[in-house]
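The values are calculated or read from the model by the stated rules, or taken from the named source; none is laboratory data. What you see is a predicted model; the values in this text were computed from it and never measured. Cβ atoms come from the backbone with ideal geometry, glycine included; neighbour counts cover every protein chain shown.
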Amino acid sequence: MLVVITGVPGIGKSTTVRKAFEKMGDESKEFEVVNYGNVMFNTAEEEGLVKHRDEMRSLDTQTQHNIQKEAAIKIRQKAQNNKIILDTHATILTPNGYIPGMPKWVLEELSPDVIVIIEANAQDIENWRTKDLKGDFRRRETGNLKGTEQHQNVNRCVSLAYSVFTGTPIKIIEKNEGQLDEAAEILAGILTK
Amino acid sequence: MLVVITGVPGIGKSTTVRKAFEKMGDESKEFEVVNYGNVMFNTAEEEGLVKHRDEMRSLDTQTQHNIQKEAAIKIRQKAQNNKIILDTHATILTPNGYIPGMPKWVLEELSPDVIVIIEANAQDIENWRTKDLKGDFRRRETGNLKGTEQHQNVNRCVSLAYSVFTGTPIKIIEKNEGQLDEAAEILAGILTK
Amino acid sequence: MLVVITGVPGIGKSTTVRKAFEKMGDESKEFEVVNYGNVMFNTAEEEGLVKHRDEMRSLDTQTQHNIQKEAAIKIRQKAQNNKIILDTHATILTPNGYIPGMPKWVLEELSPDVIVIIEANAQDIENWRTKDLKGDFRRRETGNLKGTEQHQNVNRCVSLAYSVFTGTPIKIIEKNEGQLDEAAEILAGILTK
């Protein structure tokens, strides 16, 4: 079983998963949370292509695509006998524009059972990001409500394109301020199906 | 000729087709309206997989995909020598999320000439659904304007992804309260081209 | 290097490219601007299929797709040793609906490095189109704000589907009234990367 979790930075994917696990009790122990970026980095490191995470983005496009695909194969193998939650991005915002987190060659290897998109009002996301300025997200841009709205719109569109390749259901979970519990409940429902 | 008609539940696809046929006079007799869900059910029934319609959703994912593809092949064959209007869904809302009505393997068999999306204001759809509560739609959820808007947005996005696979034109027809005649006129124009 | 530039009619693609070139100085001389429609017409003309541009749309669908693909191959070849800016449409609005400018068979040949979408407020586009009524755009429809919004929404969605096939980044550049300089700056940044 392979459930992909996506959402713009700061939306609270990890928090929602943790809360869903609480609700699931012992059943949550069957799940492993895998971070796509980590698997990519480990793959590139093993192949001697990079030593530090920061070097990933300096790889040429074709090498990045190959690493992406190899990571997808590893994750699919893991998911044969295990329940995997894959934490990744629908799109990544780069200086050159939005790039898809799951292009064709990744999607066809992964063939996920569900793709979850966690969405929230741009203003709520802004507030969470601002509060978190001292923490992990300190370098994250804030003050860009329109940009956050655009990123969410872009993520939704690209995810629907993903679904055409593999038939994977796209589950949109709304998690505005105060709706963590509700969102976690819906996620738990999907995971325990 | 194969024209696909889509739109959220309650939008009035059948009514619009009927009205377009009135406008077309004798030319409408060349058309056969085919319901994708019916073809899928008949296919599954013939293969002894199900006896009742309700059993369709309990088939495993791979079997559903196979049935979907076989149905697409049948419909394409029909469309070789006939004018077919295919009544189907751009996406179907399931507990696991939106699933595409025409994933890659369906689309590549169908290769439709046009995909029509009938859209309306969410409030108008809500009113039509509410009035119809005693009829076919009695089990349909009402009171979910935001959900209807989301479903229409999702359908538009997924349809544009469809078009990239086959080059099929995506025709968006607006049919708000009082615009049935206008919408039917546009549809008739496409059918008689 | 192949950078695709898209945007609804009247958005000012050429103006933005010209302004970006000014900013780039001599570096702009390395770039050639290629118009997809022109390459398609030249291809069809060479093959004796058409004599005038107007005849292009009367070619049957399969022939159009073939020409589209041959044009893509030519452009890709040009881009092997040159820096190409490809001026084309994300979707083209036809009486049968929106058709994708870069369906699968085009996209897989082109494999662009970046797809740029220039967007603006529908009202600004309307104003530019109206002013330009005596010029090139004299036959262009005006007075259709909602249609312009829809076309931009459709272009964004289809472009995100494009990205899934090739992993190409989608760069959205906002160019409202008064933002030409800013938009050109961003474009120049992408071209000189």
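When residues in the stretch A:29-68 are screened for being in a helix (DSSP H, G or I) and either closer than 22 Å to residue A:108 by Cβ or out of contact with any Ser or Thr (no Cβ under 9 Å at 6 or more places or on another chain) (or both), 26 of them pass. Given the criteria modelled with pLDDT of 95 or more and within 17 Å of the chain's Cα centre (by Cα), does residue C:51 qualify? It is false that residue C:51 is modelled with pLDDT of 95 or more and within 17 Å of the chain's Cα centre (by Cα).
Quick check on this structure: which one of A:50, A:39 is closer than 29 Å to residue C:112 by Cβ, among the β-branched types (Val, Ile, Thr) and touching a Lys or Arg at 6+ places or on another chain (Cβ under 7 Å)?
Matching residue, one of A:50, A:39: A:39.
Is the stretch C:26-39 home to any residue that is among the basic types (Lys, Arg), touching a residue at least 40 places away in the same chain (Cβ under 8 Å) and farther than 21 Å from residue C:170 by Cα? Scanning the stretch C:26-39, I find no residue that is among the basic types (Lys, Arg), touching a residue at least 40 places away in the same chain (Cβ under 8 Å) and farther than 21 Å from residue C:170 by Cα, so the answer is no. On the basis of being buried (at least 23 other Cβ atoms within 10 Å of the Cβ) and over 18 Å from the mean Cα position of the chain (by Cα), does residue A:164 make the cut? Criteria met by residue A:164.
Answer yes or no as to whether residue B:27 is away from every other protein chain (no Cβ under 14 Å), within 30 Å of residue B:185 (Cα to Cα), more than 18 Å from the chain's Cα centre (by Cα) and modelled with pLDDT of 95 or more.
Yes; evaluated as a whole, the condition is true for this residue.
Exactly one residue among C:67, C:99, C:118 is more than 13 Å from chain B (Cβ to nearest Cβ) and modelled with pLDDT of 95 or more, and that residue is C:118. Scanning the stretch C:151-184 for residues that are closer than 20 Å to residue B:167 by Cβ and more than 10 Å from chain A (Cβ to nearest Cβ) yields C:151, C:154, C:155.
Is it true that residue C:74 is away from chain B (no Cβ under 14 Å) and closer than 28 Å to residue C:125 by Cβ? No: the conditions fail for residue C:74. Somewhere in the stretch A:66-73, is a residue out of contact with any helix residue (DSSP H, G or I) (no Cβ under 6 Å at 6 or more places or on another chain), closer than 20 Å to residue C:112 by Cα and crowded, with 18+ Cβ neighbours inside 10 Å? Among the residues of the stretch A:66-73, not one is out of contact with any helix residue (DSSP H, G or I) (no Cβ under 6 Å at 6 or more places or on another chain), closer than 20 Å to residue C:112 by Cα and crowded, with 18+ Cβ neighbours inside 10 Å, which makes the answer no. Name every residue in the stretch C:3-17 that is farther than 19 Å from residue C:158 by Cα and either aliphatic (A, V, I, L, M) or touching a helix residue (DSSP H, G or I) at 6+ places or on another chain (Cβ under 8 Å) (or both), in order of residue number. Scanning the stretch C:3-17 gives C:10, C:12, C:15, C:16, C:17. Taken over the stretch A:100-124, the criterion of being surrounded by fewer than 21 Cβ atoms within 10 Å (Cβ to Cβ) and more than 28 Å from residue B:60 (Cβ to Cβ) is satisfied by A:121, A:122, A:123, A:124.
In the list C:102, C:40, C:56, which residue meets the criterion of being in contact with an Asp or Glu (Cβ under 9 Å, 6 or more places away or on another chain) and among the hydrophobic types (A, V, I, L, M, F, W, C)?
C:40
Scan the stretch A:85-96 for residues that are away from chain C (no Cβ under 14 Å) and touching a Pro at 6+ places or on another chain (Cβ under 9 Å) and the total you get is 1.
Within the stretch A:169-182, the set of residues being crowded, with 19+ Cβ neighbours inside 10 Å and touching a residue at least 60 places away in the same chain (Cβ under 8 Å) comprises A:173, A:175.
Inspection of the stretch A:91-104 finds a residue satisfying the criterion of being out of contact with any Lys or Arg (no Cβ under 6 Å at 6 or more places or on another chain), within 30 Å of residue A:29 (Cβ to Cβ) and touching a residue at least 60 places away in the same chain (Cβ under 8 Å). I'd like to check something: does the stretch C:129-143 contain any residue that is more than 14 Å from chain A (Cβ to nearest Cβ), crowded, with 16+ Cβ neighbours inside 10 Å and either modelled with pLDDT of 95 or more or not in a helix (DSSP H, G or I) (or both)? The answer is yes, given that some residue of the stretch C:129-143 is more than 14 Å from chain A (Cβ to nearest Cβ), crowded, with 16+ Cβ neighbours inside 10 Å and either modelled with pLDDT of 95 or more or not in a helix (DSSP H, G or I) (or both). Is it the case that some residue within the stretch C:39-51 is of a type in the set (Lys, Arg) and either within 14 Å of chain B (Cβ to nearest Cβ) or within 27 Å of residue C:151 (Cβ to Cβ) (or both)? No, that holds for no residue.
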